[in-house]
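*Asks:* Starting off with a structure, shown below.
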Amino acid sequence: MSVFKRVFTLFIFCAFAGSALKAQVSNNTTGGQIINQTITTAVPFLRINPDARAGGMGDIGVATPVDANGLYANPSKMAFIDETGEPGKPNQYGFAMSFSPWLKALVNDIYLASLNGYYVVKKEQVISASLRYFSLGNIQFTDQNGTNTQQFMPREFAVDVSYARKLGNYFSIAASLRYIYSNLASGQSVGGALVKPGQAGAGDISWYFHKTYGEDKPIQHEFSCGMNISNIGSKMSYTSSITKDFIPTNLGIGLGYTAYLDKHNSVGVYSDINKLLVPTPNGKYDSVNATYYYREESSIKGMFTSFGDAPASVELKSYTLSLGAEYFYDKKFGVRFGYFYEPVAAGGRQFLEAGLTVKYSVVGLHFSYLIPTTILRNPLDNTLRFSLLFNFSKGGKKSGENNSGISFVDDTPKKAAKSDNKATPPAQPQTAPAAPATTTPAPAAPAQTTPDNTTPATPR
């Protein structure tokens, strides 16, 4: 097997695991032959949500309540991150780290790691950034005769910057920019062409709505919905060829409902629908440019044609559905479960997920576990995800406490100085105006003589 085929085989496995492939097979109406309509993209790791909380509810995240990892599924949710703190102590900034061993059923050296943070610029504006790093382990390259040549460690990463803003009390929008780097077989040669790292630029546009009803009643109800179109950007190529690969542009739509039973207990149910906005292979070949016509489409055009470039029966099978539920006690302990469904014609991934959350002071820990539901061996079987989150309120104090917590700056002396300064200025004006205040009755003496003038009025 050639060098590139070995790398591409592993790449396909990772794509399958990251839900970046939609397997669609139908008959070619022109030739009667079976055409493989599997949609492949570059950098499929971009569709893997590193958040362990989402990983415990069927990879849901578009309309779930926001936390520090909310920017992965829907960046516009971050505009409401300040509301997740305790009353009077809104969150001001925070960061999160996530880690997940990937495809453990196949190999033990593939993993996804992420680091992200946010900062509330103003009450209505939040900026956030993230880094996702995907290691594909160690690969042994061979020549055409099967002789080992060298080892290589393929790796990919993406750097994001997002800006979210509230438009009113219940609605927000966000825009994100992303730089993508993929190094699968740098320095190798395939068909006389030198393999180089792939690079691309992309962006997201998203919106989010949530509103709480019955705030004056024992049980409060919160409804949420959102949409995120992610990875809108350029194509990517690993050689000097003019034909490039699509990146996984994705449409995600989510709905959510949370019931706050009392001040300690809450229950939520959520659902997401996702579709890959990439053209479906149709078997039509351009002999002049030696490539398929669908690969010549621009990424923007491909987003629109992806809704109708296959029969309706096939298009309906290209959507994935996620359902999840979550229970929280006092916002410090949570359990959740979810189900992910993909039609058999689109890949057939179907599994349950369960998760756990524990929070203490500024720290929160999310944990999730994937439970296989079929007898067929799945590369995602027993997948684990871990997320560690930190949230800080204004001034460095921990979220959830009024007077104590972690502070990077010792602000106690500053408060004392401010209180002293506030006390001394009022003391000086009070003594100075005191003397004039005693003199003011002097002009009142003539006013007291006026009653002599008023006595003639009595006979009247």
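*Asks:* Treating the beta-carbon of each Lys and Arg as +1 and of each Asp and Glu as -1, no other charges, what is the dipole magnitude of the stretch 246-316 about its Cα centre, to the nearest 20 debye?
*Replies:* Roughly 80 debye, rounded to the nearest 20.
*Asks:* Along the charge dipole of the stretch 192-331, pointing to its positive end and built from +1/-1 on Cβ of Lys, Arg, Asp and Glu, which listed residue (Leu251, Gly201, Gly226) has its Cα farthest out?
*Replies:* Final value for the positive-end residue is Gly201.
*Asks:* Next up: Report, in debye and to the nearest 20, how large the dipole of the stretch 3-396 comes out about its Cα centre when Lys and Arg carry +1 and Asp and Glu carry -1 on their Cβ.
*Replies:* 360
*Asks:* For a protection proxy built on the mean count of beta-carbon atoms within 10 angstrom, sort 333-344, 135-146 highest first, please.
*Replies:* 333-344, 135-146
*Asks:* Using 0.36 nm per residue of separation minus the Cα-Cα distance, give me the extension gain between Ile219 and Ile127 in nm, one decimal.
*Replies:* Net length gain for the segment: 29.8 nm.
*Asks:* Hey, another quick one. In terms of modelled amide H atoms, which long-range or inter-chain residues lie less than 5 Å from the amide H of Val66?
*Replies:* Close amide H contacts, sequence-distant or interchain: none at all.
*Asks:* Take the cross-link list Lys263/Lys359; Lys211/Lys359; Lys123/Lys394; Lys123/Lys332; Lys77/Lys166 and give me the ones stretching past 20 Å between alpha-carbons.
*Replies:* Violating the 20 Å limit, Cα to Cα: Lys211/Lys359; Lys123/Lys332.
*Asks:* I've got another one for you. Along the three principal axes, how long is the stretch 186-287 when you take its alpha carbons, biggest first, rounded to the nearest angstrom?
*Replies:* The Cα atoms of the stretch 186-287 stretch 71, 32, 18 Å along their principal axes.
*Asks:* Please compute the alpha carbon radius of gyration of the stretch 3-396, then divide it by the globular-protein estimate 2.2 N^0.38 Å. Two decimals is fine.
*Replies:* 1.01
*Asks:* With the dipole of the stretch 35-165 worked out from charges on the C-beta (+1 for Lys and Arg, -1 for Asp and Glu) around the Cα centre, which of Asn91, Leu103, Pro75 lies farthest toward the positive end?
*Replies:* Final value for the positive-end residue is Asn91.
*Asks:* Reachable aspartates and glutamates from Lys122, Cα under 15 Å, same-chain residues fewer than 8 places away excluded?
*Replies:* Asp82, Glu83
*Asks:* Work out the length of the dipole vector of the stretch 290-373 about its Cα centre, built from +1 on the beta-carbon of each Lys and Arg and -1 on the beta-carbon of each Asp and Glu, and round it to the nearest 20 debye.
*Replies:* Result for the stretch 290-373 is approximately 340 debye, rounded to the nearest 20.
*Asks:* Sticking with this structure for a sec: Below 17 Å, Cα to Cα, which aspartates and glutamates can Lys284 reach? Residues fewer than 8 away in the same chain don't count.
*Replies:* Asp245, Glu296, Glu297, Asp309
Laboratory data are not the source of any read-out in this text; all were calculated from the coordinates shown. These numbers were taken from a predicted model, which means no experiment stands behind them. Note that we place each Cβ from the backbone using ideal geometry, even for glycine, and neighbour counts take in every protein chain shown.
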